[in-house]
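Let me begin by presenting the structure, written as C-alpha cells, before commenting on it.
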Amino acid sequence: MVAEERHLESNLKNIREDHLARYYKAREIVYGNVLDAACGCGYGTHIIAQSDKVDAAIGIDIGLECIDFANKFWNYQNKTFFLNRDLSKLSDINQEFDWLVCFETIEHLENPSLFFEKINVKNIICSVPNQNVFKYKPERHIFHYRHYTLDDLIILLEKHKFTVNKHYYQEHAHSKVFTTKEGRTLIVEASKN
C-alpha cells in the first residue's frame, strides 16, 4: 500500500527494487549515528541499522501512521528509533549525526532550506527525481514541489555548506543499477565543509 507515496509494507519483497537499492547502497557507506529523514514505514532505517558500522539509525517522518507502522514492523536489535517529526521543525533533535539519509524527500519540501538549517550532520546521501530525465509536472507529481538537476542540487547543498563528493543515477523506476549515465533518479553523497 502507498499512502501519499509512502510504502507501508512489512516485507521487503513488496518494496520497489530501486527504493531498496538506494538503502542497500547507503548501508555500504554510512556509519555512526544515522538520521533517515522521511523514513516512511521504516524499512530503509531497518536496512541501514543492519550495518556493523552503524551505532544507531533514527527514522523520522511526519506521518504518525508511518511511525506506528515502523515501530511495529521494522525495529532492529535496539539500533532503530522512529520519531514523528516535521522536517522543517527539527529544533528538538539536538544530536549531531554522522550521516543523513534523505531519499526521495527534498522534492516534497516547499522550502528545503528550512530542513537543512535545522539538521546537524557531517555527511549526506540523498536522492531526487532528475529534472533532465523525469520532468516535473504539477498535475502528475501532486506531492512534489519540484525536481532537481545535478546543478540545482549542488547549489542547494553548497548553500548549506556541503560539498558534493560523488553523484550517480538510477536509470528507471525499477533499476537496481547505479550508473554515471544520466537517469531518472539522481543520487549524491556530500560532506560538510
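Bear in mind these aren't lab numbers, they're just calculated from the coordinates by the rules spelled out. Please read these numbers as outputs of a predicted model, since none were measured by experiment. Positions of Cβ are generated from backbone atoms using ideal geometry, with glycine treated the same way; all protein chains shown enter the neighbour counts.
Here are the numbers for the structure shown:
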read-out	value
Separation between Cα centres of segment 9-36 and segment 160-192, rounded to whole Å	15
Loop-located GluC sites (Glu not before Pro) in segment 100-185, at most 15 other Cβ atoms within 10 Å (DSSP)	Glu110, Glu139, Glu182
Residue among Asp98, Asp36, Asp151 with the largest mean-square fluctuation in a Gaussian network model of the chain, springs linking Cα atoms under 10 Å	Asp151
Formal net charge of residues neighbouring Asn111 (Cβ-Cβ distance under 13 Å; K, R +1; D, E -1)	0
About the Cα centre, charge dipole magnitude for segment 1-123 (Lys/Arg +1, Asp/Glu -1 at Cβ), debye	340
Listed pairs Lys53/Lys137; Lys72/Lys192; Lys79/Lys192; Lys137/Lys181; Lys25/Lys161 exceeding 30 Å between Cα atoms	Lys53/Lys137; Lys72/Lys192
Relative contact order for the chain, counting Cα pairs under 8 Å that sit 6 or more residues apart, in percent	18
Size of the chain as Cα extents on the principal axes (Å, biggest first)	40, 37, 29
